[in-house]
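Before any comments, here is the structure.
Coordinate-derived values only; no laboratory data. Fair warning: this is a prediction, and the values are worked out from it, not measured in the lab. Cβ sites come from the backbone with ideal geometry, for glycine too, and all protein chains shown count toward neighbours.
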Amino acid sequence: MPSSTMLLMLAVNLLITCTVFNLSSKLYHYSKHFPLTHPLILSGLVLVALLSAFDIAIEDYQQNSQVIMMMLAPATVALGVPLYKNLAVLTKYKSAIFIPLLLGAIISPCSALLLLWLFKVDSSLLLSMISKSITSPIAIDITKLVGGIPAIAVIFVIISGIIGAALATPLFSLLAIKHDISKGLSLGIASHAIGTSSAVQISEQCAAFAVLAMCLNGLLTTLVIVLYSLF
Amino acid sequence: MRKLSAKIIPKLVSKLKKLKLISLGFCQIFLYLLIGELLSTLIPLPPAIIGLIACCGACLLLQKVPESLDIASSFLLKNMAIFFIPYVVTITLFWPALADYWLACLLALFISTLITLSLTSIVSDKLIERAVQESTKRSINHAAMDDKK
């Protein structure tokens, strides 16, 4: 393919993805944060429908959206700024943060594994489920270590991220969660970077604690799995 | 004509200034990413996470967030969800691999995420509430002691 058409394809791809996302965020706003209309779910569905309507292979779409996918790394780096801004609050509440973090890191994979075991699901899927609440680059490594299937682990990671992001707003108002710190922590633990992206919408403090929870959860789980695989 | 230019030029200048700041901020972010990329050969962590820590560490050293970095990072974070969309769409590529188990997996993910979200948020909310109360009590005690003096 000549490079000029490729550039055009990239631009068109970027434009369409952003437009679909913007429209679905507007709809999400109008529907008063109804979980099923979360922008990630809605725009994902719309894009898949569009691709199949115009007979475009999903592989082609993926090829042309490399630019968008690549921007995720600098966005993750940018999360360092809210983290720095909230370091003072973080050191103030460090004892109140550590316990829920540990609890979440244990409960999240264990509850999923227990449920899958109850549903009598294949063991390779069980192994891919362990890393479901961890940000995807770390999750891939962990899944390789325990002998699961990385591609399926990534699906689980993304889906649990979307579920967390979509459920967060109604769930927090139902449970009457007062502090943005707790909202951020639970979002970061349960749904890693996707949860963090919706924590950014709540407040900067919420984002900072989501980042913290995401990173510490990843580190903690990696440590446990590495130690386990050594013995 | 002159009126029009008097209106437009300052606007243009401020836009350009913002553009300059944002590109400067992006340079910094990519620098941290490069650091992460280099260090990831030594540390078993993804480059973006090391970059995040490097970014936070640099702010700690400077004792402030540079304005350029602040603008660039808030721009990226505001639009962070968009960067996940291609990944969401590619789920459909691997979906058939789940075959007969997709409903069980979806249900397990849903329930476990719900449990994790609610438990951690409730527990941390209780703990933070207690910490806040203790600190206010302590400050009241301090105030009382100061009064006695």
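Of the residues B:Phe30, B:Leu12, B:Cys105, the one whose Cα sits farthest toward the positive end of the charge dipole of segment B:4-149, with +1 on the Cβ of Lys and Arg and -1 on the Cβ of Asp and Glu, is B:Leu12.
Against chain A, whose longest principal axis comes from its Cα atoms, helix A:204-230 is set at around 70 degrees.
So for segment A:77-230, taking the charge dipole from beta-carbon charges (+1 Lys/Arg, -1 Asp/Glu), which of A:Leu220, A:Thr196, A:Phe98 sits furthest toward the positive end? Checked the options; the winner is A:Phe98. Straight-line cross-link partners of A:Lys132 among the aspartates and glutamates, defined as a Cα under 13 Å from its Cα and at least 8 positions apart when in the same chain: A:Asp141. Across B:Ala108, B:Ala54, B:Ala131, mean-square fluctuation computed from a Gaussian network of chain B (C-alpha pairs under 10 Å connected) peaks at B:Ala131. Here the sum of -39500 (n - 2.57) over DSSP H runs of 4 or more residues, divided by the residues of the protein assembly as shown, equals -28000 deg cm²/dmol at 222 nm, to the nearest 500.
For the residues of A:189-201, the average number of beta carbons from a partner chain within 10 Å of their own beta carbon is 4. Dividing the convex hull volume of the alpha-carbon atoms in segment A:25-138 by its residue count gives 202 Å³ per residue.
Under the rule a/c < 1.5 gives rounded, and otherwise a/b versus b/c splits prolate from oblate, where does segment B:1-145 land using the Cα gyration tensor? It comes out oblate by the Cα gyration axes. Over chain A, with a Gaussian network built from C-alpha contacts below 10 Å, which listed residue (A:Ala207, A:Ala11, A:Ala112) shows the highest mean-square fluctuation? Top of the fluctuation ranking is A:Ala11. When only the Cβ of Lys, Arg, Asp and Glu is charged (+1, +1, -1, -1), the dipole of chain B relative to its Cα centre reaches about 1200 debye. Counting only Cβ charges, +1 for Lys and Arg and -1 for Asp and Glu, the dipole size of segment A:1-109 around its Cα centre is about 720 debye. Its Cα gyration tensor gives segment B:1-78 an equivalent ellipsoid. The semi-axes, each the square root of 5 times an eigenvalue, are 36, 12, 8 Å from largest down. Which of B:Lys11/B:Lys78; A:Lys85/B:Lys17; A:Lys26/B:Lys7; A:Lys26/A:Lys144 have a Cα-Cα distance over 28 Å? Too far apart for the 28 Å limit: A:Lys26/B:Lys7; A:Lys26/A:Lys144. Note on chain A: Kirkwood hydrodynamic radius from all Cα pairs is 19.0 Å, rounded to one decimal.
For segment A:107-174, chymotrypsin sites (Phe, Trp or Tyr not before Pro) meeting the loop criterion (DSSP other than H, G, I, E, B) and having at most 15 other Cβ atoms within 10 Å: A:Phe119. Here's the picture: charge each Lys and Arg Cβ at +1 and each Asp and Glu Cβ at -1 in chain B, and of B:Pro66, B:Ile115, B:Ala143 the one pushed furthest to the positive end of that dipole is B:Pro66.
A simple spin-label model places pseudo-atoms 7 Å from Cα toward Cβ; at A:Phe34 and B:Arg138 they are separated by 4.8 nm. Look at the stretch A:162-169: the mean tally of other chain Cβ atoms within 10 Å of its residues' Cβ atoms is 4. Here the protein assembly as shown is treated with +1 on each Lys and Arg Cβ and -1 on each Asp and Glu Cβ, and its dipole about the Cα centre works out to around 1640 debye.
Between B:Lys126, B:Lys17, B:Lys78, the Gaussian network model of chain B with springs among Cα atoms under 10 angstrom shows the greatest mean-square fluctuation at B:Lys126. Remark: the Cα gyration tensor places segment A:3-70 in the prolate category, a/c being 1.5 or greater and a/b exceeding b/c. As a rough guide to protection, the peptides B:59-71, A:191-203, A:38-50 ranked by mean Cβ packing within 10 Å, highest first, stand as A:191-203, A:38-50, B:59-71.
Rounded to the nearest 10 degrees, the inclination of helix A:150-174 to the longest alpha-carbon principal axis of chain A is 70 degrees.
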